[in-house]
Amino acid sequence: MRIAVVALFFSLLFQNAFSSNLEKLLNPYNLIGTSSLKVFMWEIYDIQLWSVKKPFSKKNSLILIFDYKRDLAKEKIIESSIKEIEKQNVADKNTLIKWTSFLQKCIRPVEAGSKPYIQWNPEGKITFFYGNTITCSIDNKSFSKAFIDIWLGENTSRPRLRQRLLQNDGK
């Protein structure tokens, strides 16, 4: 019984610390929109787009927050991300290999309920967070743009998701 109470206490403590740090990070940002990714009948994640300024522009810093609805292996997330980047036709095979190594450093396996997020700036730096921890930062303009374009690019394979993320723009 004591172990369960102690475990609950630490769980709530770390959850509150995570929420507090994310809230501080989001302080200068505005919520632009929300959406969900569903594949067939499975909910994969909910996603939020935050930007420093309205209306939304890739000239401003942004944050994408993911709320995962199911467990996913690191390898599956990386594979899916690279497939989406390939569809953009912005990188050759050697570049995709290099970008896969970036994702190997940055991506963590996720559990249902986890909320990893990324912070991007237009100068080309992207920072990956898992929980309260920076997993890595990549300063590569081509990679960071291709990565956020999975969700925000005009040629995304998920145009309805993009539209919903941008729907509250300027409101």
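Here is how the numbers come out for the structure above:
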{"item": "Where S57 falls short, out of the listed (1) among the hydroxyl-bearing types (S, T, Y); (2) in contact (Cβ under 8 Å) with a residue 12 or more places away in the chain; (3) over 19 Å from D139 (Cβ atoms)", "result": "(2)"}
{"item": "Residue pairs meeting the criteria (Cβ under 6 Å; at least 6 apart or on separate chains; first aliphatic (A, V, I, L, M), in the stretch 107-131; second part of a loop (DSSP other than H, G, I, E, B))", "result": "A112/K69; A112/R70; A112/D71"}
{"item": "Breaking point among (1) assigned to a strand (DSSP E or B); (2) open to solvent by 70 Å² or more (accessible area, probe 1.4 Å); (3) more than 24 Å from I32 (Cα to Cα), for K98", "result": "(1)"}
{"item": "Sole residue being at pLDDT 95 or above, exposed (fewer than 15 other Cβ atoms within 10 Å of the Cβ) and within 13 Å of F66 (Cβ to Cβ), chosen from E123, E111", "result": "E111"}
{"item": "Residue list for the stretch 83-95, filter: surrounded by 17 or more Cβ atoms within 10 Å (Cβ to Cβ) and part of a helix (DSSP H, G or I)", "result": "E84, I85"}
{"item": "Failed condition for S51, given (1) open to solvent by 20 Å² or more (accessible area, probe 1.4 Å); (2) over 19 Å from N132 (Cα atoms)", "result": "(1)"}
{"item": "Selection within the stretch 54-76 - hydrophobic (A, V, I, L, M, F, W, C) and open to solvent by 20 Å² or more (accessible area, probe 1.4 Å)", "result": "F56, L72, A73"}
{"item": "Candidate set from the stretch 131-157 (those that are in a loop (DSSP other than H, G, I, E, B) and touching a Lys or Arg at 6+ places or on another chain (Cβ under 6 Å)); member that is most open to solvent (accessible area, probe 1.4 Å)", "result": "S157"}
{"item": "Residues that are of a type in the set (G, A, S), within 17 Å of Y130 (Cα to Cα) and part of a loop (DSSP other than H, G, I, E, B), drawn from the stretch 54-82", "result": "A73"}
{"item": "Test result for R160, open to solvent by 70 Å² or more (accessible area, probe 1.4 Å), in a loop (DSSP other than H, G, I, E, B) and under 21 Å from K83 (Cα atoms)", "result": "no"}
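The values are calculated or read from the model by the stated rules, or taken from the named source; none is laboratory data. Only a predicted model underlies this, so the values are computations on that prediction, with no experimental measurement involved. Don't worry about glycine lacking a Cβ; one is built from the backbone with ideal geometry, like all the others, and counts go over all protein chains shown. Side chains included, ligands, DNA and RNA excluded: accessible areas come from the protein's heavy atoms. Shrake-Rupley method; radii C 1.70, N 1.55, O 1.52, S 1.80 Å.
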